[in-house]
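What follows is calculated from the coordinates using simple rules that are stated; it is not laboratory data. These figures come from a predicted structure and were not determined experimentally. Cβ: placed from backbone, ideal geometry, glycine included. Neighbour counts: every protein chain shown.
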Amino acid sequence: MEPDRTTLVVTGGSSGAASVNRAVAESLDDLLATGAQVLHLTGRDKAVLGDDGSPVRREGYHQREYLDGMQRAYAAADLIIARSGAASVCEIAAVRLPAVFVPLPIGNGEQELNARELVDAGGALLVKDEHLTREWLGRNVVPLLEDPRLLRTMEGHVAERGITDADDRMAQAALDAARREGQA
């Protein structure tokens, strides 16, 4: 990965997401044409394959099934496309990373709710799984990759919501609880 290049990280979580992988594969030419590089974490046995059946290899496109240590992907990323599980949303907010959230299309809508605060603040976009297409990515993600000012604006909005001192807050809550217990 080139440190001075805009970097898009794509992940469907540790298990991957075939629909996210498919949309990114269909959009790869458009995404790479922005000059950005793509780190695509596909999930086990969900590699993006070319016509010859082997994993797609392109200049600027880095594909891995899994990454041990997501903090490295977060550190490299200027923008992330990810599911919106609670842990993912909190981590993404804490590292002040602009995001495109693609909620898991099952359940009772909790993944959309997880992302809602960052989306409403302007630090993230939200797209339903079935609407994540080459056209959608072209209208919504390509302009972000082409204009670093847009990403910086989103980053500022994420920074307003991200909690970076959770350890201190938890320690203080434990101390407060212990004090209250001692007074009872």
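³J(HN,Hα) across the range 96-110 via Karplus (A = 6.51, B = -1.76, C = 1.60, θ = phi - 60°), whole Hz, x for Gly/Pro?
6, 9, x, 9, 10, 9, 10, x, 4, x, 10, x, 10, x, 5
Net charge around residue 29, counting only other residues with Cβ within less than 13 Å of its Cβ (Lys, Arg = +1; Asp, Glu = -1)? Could the numbers behind the result be given before it?
Details: positive: 58, 134; negative: 26, 30, 59.
Around residue 29, the surrounding residues sum to -1.
Once amide H atoms are built 1.01 Å from N in the peptide plane, which residues 5 or more positions from residue 17, or in another chain, come under 5 Å H to H?
The list, which skips near neighbours in sequence, is 12.
Using a 10 Å cut-off around each Cβ, can you sort 128, 46 from fewest to most neighbouring Cβ atoms?
Numbers: 128 11, 46 17.
In order of increasing Cβ crowding within 10 Å: 128, 46.
Considering only DSSP beta bridges with both partners in the chain, what is the antiparallel share in %, to the nearest 5?
Numbers: 2 of 20 bridges.
DSSP beta bridges in the chain are roughly 10 percent antiparallel.
Based on other C-beta atoms within 10 Å, arrange 180, 116, 83 from fewest to most. Provide the component values of the computation, followed by the final result.
Working: 180 9, 116 17, 83 21.
Lowest to highest Cβ neighbour count: 180, 116, 83.
Scan [x] 76, 34, 30; [y] 42, 37, 34; [z] 71, 35, 30 for the value of Cα extents along the principal axes in Å calculated from this model and give just the label.
Read-out from the structure maps to [z].
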